[in-house]
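Heads up, the thing below is written out as structure tokens.
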Amino acid sequence: MAFYSRVSGSVGVITLQNPPVNALSAAVRQGIVDTMHRALSEPEVKSVVICGQNGKFCGGADIREFGANMRGPPLVPMIHLIEAAEKPVVAAIEGVALGGGLELALGCHYRIAHSKARLGLPEVTLGLLPGAGGTQRLPRLIGVPAALELITTGRHATAAEALQLGIVDEVTDHSAVDAAVKFAQSVAGKSLDARRISTYPRPRSPDLAEIFEKAMKEVRRSARGAIAPVTCVQAVHASVTLPYAKGMERERELFSTLFTSGQAHALQYYFFAQRAVSRWSTPSGARWDTSKPRPVHKAAVIGLGTMGRGISVSLAQAGLSVVAVETQEKQLLEAKQAVSGMLERSAKRRGVPLADDKIKYNCSVQAVADADLVIEAVFEDMALKKTIFQQLSGICKPGTLLCTNTSGLDIDELASQTQSPELVVGMHFFAPAHVMKLLEVVYGPRSSPEALATAMEMGKKMGKVSVAVGNCRGFVGNRMLKPYLEQAFFLLEEGATPEQVDQVLEEFGFAMGVFKVSDLSGLDVGWKVRKADGLVVPGSTGKSARIRGGSRYSPLGDLLCEQGRFGQKTGRGWYQYDKPGGRVAKPDPWLHGFLEEYRARHGLVARRIDHQEMLERCLYALINEGFQILQDGIAAGPEDIDVIYVLGYGWPRHRGGPMFYAGLVGLDKVLERLEHYHQVYPDVLGLKPCSLIRKLAASSSPPIHRWREFIQKPRSQL
Ligand SMILES: CCCCCCC/C=C/C(=O)SCCNC(=O)CCNC(=O)[C@H](O)C(C)(C)COP(=O)(O)OP(=O)(O)OC[C@H]1O[C@@H](n2cnc3c(N)ncnc32)[C@H](O)[C@@H]1OP(=O)(O)O
């Protein structure tokens with residue numbers, strides 16, 4: 001709702017009230033319309049201020065209402081009512097003016113912002129466009145190039161930038177409401193002819209055609225199949241080709257197309273999923289709201305390779321004192337230089353103070369004795385990690401949380417090396433650790449709820465999106481990757497090339513296809529793991545070369561590694577590069593020949609595999625594992641999996657995540673295709689539909705928010 005008050009006798013103040021961000025719900029819109037009529041009808045009132053309760057102007061349309069039948073006054077006529085008013089209306093922007101919130105402010109005659117306020121039109125990130133006049137008013141106010149940039153990226157501008165661009169008229173370090181009231185008094189009775197943005201002339205400039213062409217090219221390149229950015233450009237284009245009223249019609253038309261699209265549903269689902277993961281729970285009933293994190297002031301990082309350096313940077317930037325340990329003097333020095341450089345570049349980029357003095361470097365593990373939390377970040381080697389955990393258990397003060405940065409090793413095995421296994425959790429960072437937003441926080445069967453809460457909180461402090469997951473091989477992300485990769489290898493055996501598989505995945509929206517990712521991260525990483533698992537059998541021939549434990553196995557990755565082809569770092573992998581460390585992947589005739597020779601050796605006849613099959617086999621095998629993970633209680637809900645895949649594995653955000661995508665395709669359809677492929681390839685375990693997807697499909701495929709009801713609660717572990 002919105003409430004009305006009168007200040008200094010002549011200023012009507014309308015306050016939006018809908019915690020936490022004063023989103024424009026039906027009740028708020030009704031409140032604005034009612035109070036505007038009241039302010040306009042009171043003769044004593046000479047001007048009006050619109051503000052938001054609790055220091056937040058408005059977070060935009062209420063996204064929660066999007067799925068329901070629209071009630072209440074529509075946004076566009078409401079904004080027109082404000083703009084058409086004969087009394088000056090001033091927006092007092094504190095906190096945020098986003099989406100419909102900024103569009104509301106653009107309908108006001110003046111805008112005063114607090115210096116810490118953020119303004120923007122982020123609708124594109126929800127699969128929409130600014131459909132309440134934003135695409136028509138903003139270009140008229142600030143010109144096409146700046147408007148296009150803000151609308152197509154959805155980024156938030158600071159108050160200072162908004163002032164520079166001409167979006168706001170004044171910025172204050174004090175109360176924006178007080179400043180707006182004062183301003184409103186000063187403009188009472190003045191002509192509003194030049195203040196109604198909708199009456200401004202259409203933007204004109206000789207290079208507009210070129211600007212739009214460039215913008216369209218850029219969004220097509222970066223959108224990776226997302227339709228909203230392209231549609232945003234089309235809507236802004238209408239502001240230069242059509243008069244305002246017609247432009248608004250075009251905006252509405254384009255908005256409607258987006259509003260009902262699967263992409264908008266996916267992006268809005270993802271918006272809430274990313275927030276939902278912080279409300280974690282475990283099969284034992286431990287929960288975010290009943291588990292108290294321990295205070296952490298001092299953290300330590302052991303091992304200053306690539307991951308340890310990034311983690312140290314993240315901790316220091318979060319304001320913690322950090323002890324960074326590397327036992328060899330030379331490596332310690334190298335790491336120190338590298339970390340300082342990373343901190344410097346990051347401070348410059350983010351415009352924050354340098355956090356270099358937060359980190360103390362040391363050659364001795366003893367230096368971590370008084371840390372509240374230790375993150376071990378040495379190589380992915382269980383024996384080495386075990387030794388370190390034994391040491392830490394003896395060195396650290398009681399109550400210190402011991403964390404391991406691992407992408408898949410058994411947390412419980414490490415916990416068993418310590419005297420306090422309840423204080424051990426996994427923290428799976430993604431490279432580069434100071435940049436990537438995702439953190440898998442892994443609880444073992446003995447991790448305490450308090451330990452889990454502390455690690456989750458620590459992730460948040462570091463600016464990460466932390467997802468709590470159970471302990472199993474590969475946790476959530478890498479466990480699902482295995483059947484996906486496996487299918488990609490099998491497709492090569494059956495006749496595809498790495499380029500063909502990658503193209504299909506990139507057309508789907510992945511930033512990089514599976515083989516390009518493999519070249520980037522290094523083929524030797526997986527090889528080492530497979531060797532440790534006893535899967536690599538050099539020189540094996542005949543049928544046994546392609547079978548492990550009764551299931552189909554492809555040794556292609558192993559064979560490439562035996563040739564020293566580790567990917568980008570060696571200049572050769574699934575592709576070729578102009579030099580070791582090169583970045584541009586080029587098809588490699590050698591590899592094509594190698595595949596032909598491999599197929600011939602194993603009696604495999606290459607066939608033409610269509611795009612649909614490549615996509616289905618890779619994605620549905622991954623999705624099937626996701627259902628198995630839910631069934632096993634490793635992830636609490638589909639949102640956790642989707643957030644992990646979007647933030648950590650390049651799954652296109654506009655497709656919501658693998659579990660959301662499965663629901664969009666139809667669980668019965670996914671099940672039917674899995675059954676089909678499993679019939680064709682009965683020796684591929686990853687294609688055997690798991691019982692949860694069967695159960696859901698048999699229950700008429702309930703919507704994703706109801707899936708948790710179908711997951712049997714696994715035995716308590718915590
Ligand atoms: C059908 C006809 C429509 C006509 C045309 C409509 C044209 C306009 C469209 C829009 O305005 S779409 C919405 C545009 N706005 C946004 O995209 C802003 C989204 N919100 C944010 O970016 C952030 O929440 C924030 C406002 C910057 C605040 O961030 P902070 O980190 O402080 O808190 P959060 O945890 O993100 O959010 C707190 C809480 O609030 C919920 N919430 C936020 N924004 C909205 C919203 N617009 N509608 C409904 N709910 C919102 C958010 O989900 C959090 O709640 P929980 O999920 O944790 O319960």
task: Give a residue-ordered list of calculated ³J(HN,Hα) values for the range 58-71 (Karplus: 6.51 cos²θ - 1.76 cosθ + 1.60, θ = phi - 60°; whole Hz; x for Gly, Pro).
output: 6, x, x, 4, 7, 4, 5, 8, 4, x, 8, 5, 5, 10
field: Per-residue HN-Hα couplings for the range 14-29 [Karplus 6.51, -1.76, 1.60; θ = phi - 60°; Hz; x = Gly/Pro]
entry: 9, 10, 6, 9, 7, x, x, 10, 6, 5, 7, 6, 4, 5, 5, 4
- prompt: By per-residue mean of other Cβ atoms within 10 Å, what is the highest-first order of 213-226, 254-267?
  reply: 254-267, 213-226
- request: Can you find, among Gln568, Ser544, Ser521, the residue farthest towards the positive end of the dipole of the range 497-601? Put +1 on the C-beta of Lys and Arg, -1 on that of Asp and Glu.
  value: Ser544
Cut-off under 5 Å, modelled amide H: who pairs with Ala117 long-range: Gly95, Ala159
message: Under a crude label model (7 Å from the Cα following the beta-carbon direction), how far is Asp207 from Glu344 in nanometres?
response: 3.5
- prompt: Regarding the chain, what are the three Cα extents along the principal axes, ordered largest first, in Å?
  reply: 91, 62, 52
task: Starting with the highest mean, order 35-47, 234-246, 313-325, 434-446 by the number of other Cβ atoms within 10 Å, averaged over the residues of each peptide.
output: 313-325, 434-446, 234-246, 35-47
statement: Once Asp683 and Glu413 are pulled to full extension, the length gained, defined as 0.36 nm per residue separation minus their Cα-Cα distance, is 94.1 nm
- request: For Asp34 and Ala532, compute 0.36 nm times the residue count separating them, minus their Cα-Cα distance, and round to one decimal in nm.
  value: 172.3 nm
message: Can you compute the equivalent ellipsoid semi-axes for the range 102-209, i.e. the square root of 5 times each eigenvalue of the Cα gyration tensor, sorted largest first and rounded to whole Å?
response: 24, 18, 12
- request: Can you tell me which of 338-349, 369-380 comes out highest on packing, and rank the rest after it, using the mean Cβ neighbours within 10 Å?
  value: 369-380, 338-349
field: Arg275-Ser521 FRET efficiency (beta carbon distance; Förster radius 25 Å; 0.05 resolution)
entry: 0.30
message: Can you give me the Kirkwood hydrodynamic radius for the range 1-64, using every pair of distinct Cα atoms, in Å to one decimal?
response: 11.7
- prompt: Taking 0.36 nm per intervening residue step and subtracting the Cα-Cα distance, what contour gain separates Glu329 from His592 on full extension?
  reply: 90.1 nm
message: Based on alpha-carbon centroids, what's the gap between the range 189-244 and the range 336-390 in Å, whole number please?
response: 47
message: Sorted from largest to smallest, which semi-axis lengths in Å does the alpha carbon gyration tensor of the range 254-323 give for its equivalent ellipsoid, taking the root of 5 times each eigenvalue?
response: 36, 21, 11
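Where a number appears in this text, it was derived from the coordinates with a stated rule and is not lab data. All figures in this text were calculated on a predicted structure; none of them were measured in a lab. When we count neighbours, we look across all protein chains shown, and the Cβ atoms used for this are built from the backbone with ideal geometry, even at glycine.
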